[in-house]
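Structure, as structure tokens:
What follows draws every value from the coordinates through simple rules; no lab data is involved. Since we're looking at a predicted model, the values are computed, not measured. Every residue, glycine among them, receives a Cβ derived from its backbone with ideal geometry; neighbour counts consider all protein chains shown.
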């Protein structure tokens, strides 16, 4: 009954990841480096807080913007970790994962035809969410030679009189790129010059391996033009709990709250109760996980380089984004063959934007043993195909 | 302490079978550095040893008996509990010895092939030692978790194979 489906939605493509998921889903014995979530289960004290909340009978709705205690803890956390001052009463909204926050932030600011500038490669939801909210997407290709950071001059070039929103995600999924305070400052200057609203998706902020994460909202003058989005999924290994939040100037937070209140009402209460425990007592657990991610980061980056897939050093998140250009294959072809021949699942880079073509995303949210085994399979695969490619050239 | 050593210990703590090559790659060290540092830490006994945690029951060799024994001691002048603790450590059937706060002094873990053997050890060897005032023996019925490892833990990965 496609005639009933809205045209805009009908034209919206499925995520490139979804397609690949169907391919890998049925296979046995697959080692997956294709997963965009921690391999740790939620620290036990946090699970326990969720369980206790059920035992105590907390099965009700919460206030639309989230439990007061949770918002207060979020406000404290943002101050403690990033030096940010957000009023828990009217500047913080607890959402169903950071994903919802991205959606409602875009929906509450975009007028039809407003342009949303999105540096690529990027998380798969940004472009569809912006389009569904009536925005016009303008992408900016970031380059490996810049360690996939956004250049202020590229941003400036992309700006038109209709530009309204810049969507930033650092540490970045899928590249693992981070931006320093100085680099963000140069972006901030452009944002101020052209009066852009910045939606800063900082969901990977805790997974920063060199230096400290700098929140975009903490830069001088930026808080008033930033919607900061963060959550518990990546930092506390709480993906399934679906708790995220947005911190924004009161007027924007109020507008977001309207959509939130009419669409999801509130985030699930047991997740919110667990999140309170995470913020109160969970930072030690983050440190433990970061230590392990960091060990695996060196392992996978060095291993990929050794396997003949040059890989820039990712300084955040849990992804390596090596180039596969030397193999002569497209990202899709590489990933399909790697899956079929060696049973290793990785994600083709073009799923994150056109400029991701020629790259693959390898998640190191996997055990050391799995990473070592996957790397040895990738090495075999690359070697075999390099030989074939040489043979092809010889015949020519 | 050398930062490299701490990183190495953190990597080895829960898995000492990880290869030198992998360790070197993980920690951005050379294999020679890894070997030298491990050797050095073994020599100064920072690394005390390597053990394998075995579920003997699963291996079908479930006739071992473990007991935790609370031991009260009369401490000795100048050396306190150390001399007697060290003496208890010498018995091969003793698998661990801790000095405790609270109602008793030493917590001694003993392993034997039968209840009788452990009981014999306690009554003949341990309780009869000079300075041992009393013992209370508790037999282990089932092992759920040891050295941070949950026995029979279902470590299934519930995640989707691919996710954004």
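Could you sort the peptides A:49-61, A:190-202 by per-residue average Cβ neighbour count (10 Å cutoff), highest mean leading? Intermediate results must be reported in sequence, preceding the final value.
Values: A:49-61: 12.8, A:190-202: 20.7.
Result, highest mean Cβ count within 10 Å first: A:190-202, A:49-61.
Need the C-alpha centroid separation for region A:89-125 versus region B:18-44, integer Å. Spelled out, the Cα-based centre of one part sits 46 Å from the other. Region A:230-266 and region A:45-78 have Cα centres lying 13 Å from one another. Across peptide B:152-162, the mean count of Cβ atoms from other chains lying within 10 Å of each residue's own Cβ comes to 6.
Share of pairwise Cα-Cα distances greater than 21 Å in region A:57-149 is 52 percent (whole percent).
Multiplying the residue separation of residue B:101 and residue B:39 by 0.36 nm and subtracting their alpha-carbon distance yields 18.8 nm. Rounded to whole Å, the principal axis extents of the Cα atoms in region A:1-75 read 44, 41, 26, largest first. Mind checking the angle between helix A:331-342 and chain A's longest principal axis? C-alpha axes, 0 to 90 degrees, to the nearest 10. Long axis of A:331-342 versus the principal axis of chain A: about 70 degrees. The mean number of Cβ atoms from other chains found within 10 Å of a Cβ in peptide A:296-306 is 3, as a whole number. Each listed q (0.10, 0.11, 0.13 Å⁻¹) maps to a log10 I(q)/I(0) for the protein assembly as shown, found by the Debye formula over equal Cα scatterers with no solvent: -0.94, -1.07, -1.33. According to the calculation over all Cα-Cα pairs in region A:84-197, the P(r) per 5 Å bin from zero is 2, 11, 20, 22, 22, 16, 6, 1, 0 %. Can you tell me what percent of all Cα-Cα pairs in chain B are more than 20 Å apart? I get 66 percent for the Cα pairs in chain B exceeding 20 Å.
Spin-label model, residue A:189 to residue A:54: label points 7 Å out along the Cα-to-beta-carbon direction sit 5.4 nm apart. At an R0 of 45 angstrom, the distance between the Cβ atoms of residue B:140 and residue A:265 translates into a FRET efficiency of 0.30. Distance between the C-alpha centres of region B:95-164 and region A:321-396: 48 Å, rounded to the whole angstrom.
In this calculation the C-beta distance from residue A:63 to residue A:160 is compared with R0 = 35 Å, giving a FRET efficiency of 0.30. Per-residue shielding of A:246-254, expressed as the average number of other chain Cβ atoms within 10 Å of the residue Cβ, stands at 0.
When restricted to Cα atoms, region B:3-43 yields an Rg and a Dmax of 8.9, 24 Å, respectively. Calculated over region A:233-280, the projected area of the Cα convex hull averaged across directions stands at 3.8 nm². Principal axis extents of the C-alpha atoms in region A:1-158 (largest first, rounded to whole Å): 49, 47, 45. Each eigenvalue of the Cα gyration tensor of region A:44-282, multiplied by 5 and square-rooted, gives one semi-axis; in descending order these are 30, 19, 15 Å.
Its convex hull of Cα atoms gives region A:296-370 a direction-averaged projected area, equal to a quarter of the hull surface, of 4.8 nm². Per-residue packing, averaged as other Cβ atoms within 10 Å, sorts the ranges A:353-361, B:9-17 into the order A:353-361, B:9-17, beginning with the highest.
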